[in-house]
Amino acid sequence: MNRDQIDLLQWLVPGLQDVPHSSLYWIERAQRSLAVSTQDRDVYPVVDHTRGKGVWLHDLEGNEYLDMTSGVAVRALGFRPEGIREFEQRISDVIEELPGHDFDNVPHILLAERLAATAPGDFAKEVFFTTSGARAVETAVKAAMDQTGRQRFVAFRPAFHGRTGYALALTASKAVQREGYPQALAVVRAPYAYPFRCPIGEDPQACARYSLDYLRGAIQDEGTDIAGIVVESLGGEGGIIVPPVEFLQGLRETADELGAVLIADEVQSGMGRTGRWWAIEHADVAPDMICVAKSLGGGYPLGATIGRAPMFEKPSRHSETFAAEPRQALLSLFVLRFIEENHLIQNAAKLGQAMMDRLRSELAACEQVGEVRGRGFMQGIEFVDDRRTKAYNPGLRDRIVRNCVFKQKLWVLGSGRSTIRLLPALVTSEEEGMEAVDRFVRAVREETRSVEAAAKVAASTP
């Protein structure tokens, strides 16, 4: 953090005497002032908010990290993409205090048209803008109720759709997210098609049939009055789970049979991350609604629900104050143009596959690596005690995350019970992607060797 930035903070915060370049100092202050955090402060240092370029970030102490999280899929273009400063200067005089749902503006309208054009399906679409992914999901839920006159929904386990209201009711990811909170929806729950852990074996088609049969049985038992089926097109928070295409196709058929709305949650998987604009396109399925956020806002809070028109039958059925104000809409239009002009979706598809191929090759001999899976730049490596039992191994996973961050200077995140996820920015180069693989493999080998050494010592101890 340079002197100008420190002076700025001291001007903004009267009485601020010093701004130490110490993660420990600021973590202690954060623990006193911030109500809750999903961050593991024992692992991740405080990021220097004034530095960073592409897929490289820095902590307050000056250490440089290769970032394979892109802000949990928020920074599709990485830090400070080419042309962003010049673009921000061009829009510096644009008014921003203009609620888009109350007063139409040209950027808002153009972004809706542009976004709708990326979605699959040969039918008229419209867009409702929000400030987060959870709110995009809640918008879809309300629209489905409005369209069908029903209130019961289908969701899956594991699944993550948000931590508030209707979105929380659909979530089944970690108990801590739901315990003690009343649920706002009637939900029929079924197993997400997860071939690696399917009760009847790893065959993708058989796993899809198992989950679909389970769902249809549950609907028959609990009620066919379903308003919508809400599904992650590629499971994110639950462990980067790639569902068989037959599973998503079967959900489309089931929704049609029930007269229900199929809602694809693409908050983490959308915007080109999987090598297509939307992950559900890999299954050649057109959902009735798509929920998007994260990458859409270019680092700022913007979400959207793209839906079959009309989403709501009457005006004022739904609204949100801070959603796609003019400057935000222009920035999102920049993101969409940048992705297309620089062929970033193709980059995610090609380089993402190459990274996973190399991970599989390098880690093939490691008995604790249960599976490497993913699509494009949405990748998961699941850790187990051994491949025969597939017992979850969260302890090993957590040690590898720590090794990555502390020793390899590789910024990664956990996911699910014992998976590590890699979510590179779409601008990641081949050199950077392969460097990330090398650093990750080193961390895995170091930690699994220590596990094997400890096991040998234990076995030799009388």
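The values are calculated or read from the model by the stated rules, or taken from the named source; none is laboratory data. The shown structure was predicted, so the numbers you read here are calculated from the model rather than taken from an experiment. Neighbour counts are summed over all protein chains in view; Cβ atoms, including those assigned to glycine, are modelled from backbone coordinates with ideal geometry.
Please tell me if Arg178 is closer than 23 Å to Val245 by Cβ, without any contact (Cβ under 8 Å) to a residue 40 or more places away in the chain and not small (Gly, Ala, Ser).
Values: closer than 23 Å to Val245 by Cβ: no; without any contact (Cβ under 8 Å) to a residue 40 or more places away in the chain: yes; not small (Gly, Ala, Ser): yes.
Answer is no for this residue.
Spot the failing condition for Ser92; the list is (1) farther than 19 Å from Ala324 by Cβ; (2) polar (S, T, N, Q); (3) surrounded by fewer than 18 Cβ atoms within 10 Å (Cβ to Cβ), and only one is missed.
(1)
Which of the residues belonging to the stretch 67-84 are farther than 15 Å from Tyr300 by Cα and either surrounded by fewer than 16 Cβ atoms within 10 Å (Cβ to Cβ) or more than 23 Å from the chain's Cα centre (by Cα) (or both)?
Within the stretch 67-84, Glu82, Gly83 qualify.
Suppose the filter is more than 26 Å from Asp42 (Cβ to Cβ), outside the structural domain of Gly298 (by TED's automatic domain parsing) and in contact (Cβ under 8 Å) with a residue 12 or more places away in the chain; does Glu362 pass it? Write out each step before concluding.
Numbers: more than 26 Å from Asp42 (Cβ to Cβ): yes; outside the structural domain of Gly298 (by TED's automatic domain parsing): yes; in contact (Cβ under 8 Å) with a residue 12 or more places away in the chain: yes.
Judged against the criteria, Glu362 is a match.
Which pairs do you get when a residue that is on the phi < 0 side of the Ramachandran plot, found in the stretch 120-140, comes within reach of a residue that is among the basic types (Lys, Arg) and not in a helix (DSSP H, G or I), reach meaning Cβ atoms under 6 angstrom, with the pair 6+ apart or on two chains?
Sorted first by the residue in the stretch 120-140, then by its partner, the pairs are Phe123/Arg308.
Take the conditions of a type in the set (A, V, I, L, M) and under 13 Å from the mean Cα position of the chain (by Cα) and apply them to Ile240. Does it pass? Lay out the reasoning, then the answer.
Working: of a type in the set (A, V, I, L, M): yes; under 13 Å from the mean Cα position of the chain (by Cα): yes.
Here the answer is yes, as Ile240 does meet what is asked.
Are there helices (runs of 4 or more DSSP H) fully within the stretch 1-111 with at least 3 residues that are of a type in the set (A, V, I, L, M)? List them.
On the way: elements: 3-12, 23-33, 70-73, 84-90.
Ranges flagged: 3-12, 23-33.
Output yes when any residue across the stretch 101-111 is out of contact with any Pro (no Cβ under 6 Å at 6 or more places or on another chain), without any contact (Cβ under 8 Å) to a residue 40 or more places away in the chain, surrounded by 14 or more Cβ atoms within 10 Å (Cβ to Cβ) and not assigned by TED's automatic domain parsing to the domain that holds Glu313, and no when none is.
Scanning the stretch 101-111, I find no residue that is out of contact with any Pro (no Cβ under 6 Å at 6 or more places or on another chain), without any contact (Cβ under 8 Å) to a residue 40 or more places away in the chain, surrounded by 14 or more Cβ atoms within 10 Å (Cβ to Cβ) and not assigned by TED's automatic domain parsing to the domain that holds Glu313, so the answer is no.
So which residues in the stretch 300-329 are touching a helix residue (DSSP H, G or I) at 6+ places or on another chain (Cβ under 7 Å), surrounded by fewer than 20 Cβ atoms within 10 Å (Cβ to Cβ) and under 30 Å from Arg375 (Cα atoms), if there are any at all?
Of everything in the stretch 300-329, just one residue is touching a helix residue (DSSP H, G or I) at 6+ places or on another chain (Cβ under 7 Å), surrounded by fewer than 20 Cβ atoms within 10 Å (Cβ to Cβ) and under 30 Å from Arg375 (Cα atoms), namely Tyr300.
Evaluate the following for Ala329: is it under 23 Å from the mean Cα position of the chain (by Cα) and at pLDDT below 95?
Working: under 23 Å from the mean Cα position of the chain (by Cα): yes; at pLDDT below 95: yes.
Yes: the conditions hold for Ala329.
Sort out for me the helices (runs of 4 or more DSSP H) sitting completely within the stretch 316-419 that have 2 or more residues that are polar (S, T, N, Q).
Hits in the stretch 316-419: 326-341, 344-362.
Would you mention how many residues in the stretch 189-203 are without any contact (Cβ under 8 Å) to a residue 40 or more places away in the chain and within 30 Å of Val36 (Cβ to Cβ)? Give the derivation first.
If we filter the stretch 189-203 for residues that are without any contact (Cβ under 8 Å) to a residue 40 or more places away in the chain, which is where we start, we get 189-191, 198-203.
From the residues that got through so far, the ones that are within 30 Å of Val36 (Cβ to Cβ) too are 189, 191.
Matching residues across the stretch 189-203 total 2.
Can you tell me which of Leu251, Leu212, Leu262 is crowded, with 24+ Cβ neighbours inside 10 Å, assigned by TED's automatic domain parsing to the domain that holds Glu138 and over 30 Å from Ser70 (Cα atoms)? Spell out how you get there, then give the answer.
Working: Leu212 fails: crowded, with 24+ Cβ neighbours inside 10 Å; Leu262 fails: over 30 Å from Ser70 (Cα atoms).
Criteria check complete, one pass: Leu251.
For the stretch 46-61, which residues satisfy the criterion of being touching a residue at least 60 places away in the same chain (Cβ under 8 Å) and of a type in the set (Val, Ile, Thr)? Before the answer, list the steps.
The first filter runs over the stretch 46-61 and keeps only residues touching a residue at least 60 places away in the same chain (Cβ under 8 Å), leaving 54-55, 57.
Correct list: Val55 only.
Give Pro182, Pro99, Pro120 a once-over and let me know the one that is within 30 Å of Glu340 (Cα to Cα) and at pLDDT below 95. Before you say what the answer is, go through the steps one by one.
Numbers: Pro182 fails: within 30 Å of Glu340 (Cα to Cα); Pro120 fails: at pLDDT below 95.
Residue meeting the stated conditions: Pro99.
So Pro394 clears everything in (1) surrounded by fewer than 17 Cβ atoms within 10 Å (Cβ to Cβ); (2) farther than 25 Å from Gln353 by Cα; (3) in contact (Cβ under 8 Å) with a residue 40 or more places away in the chain except one condition, right? Which one?
Only one criterion in (1) surrounded by fewer than 17 Cβ atoms within 10 Å (Cβ to Cβ); (2) farther than 25 Å from Gln353 by Cα; (3) in contact (Cβ under 8 Å) with a residue 40 or more places away in the chain is unmet by Pro394, namely (3).
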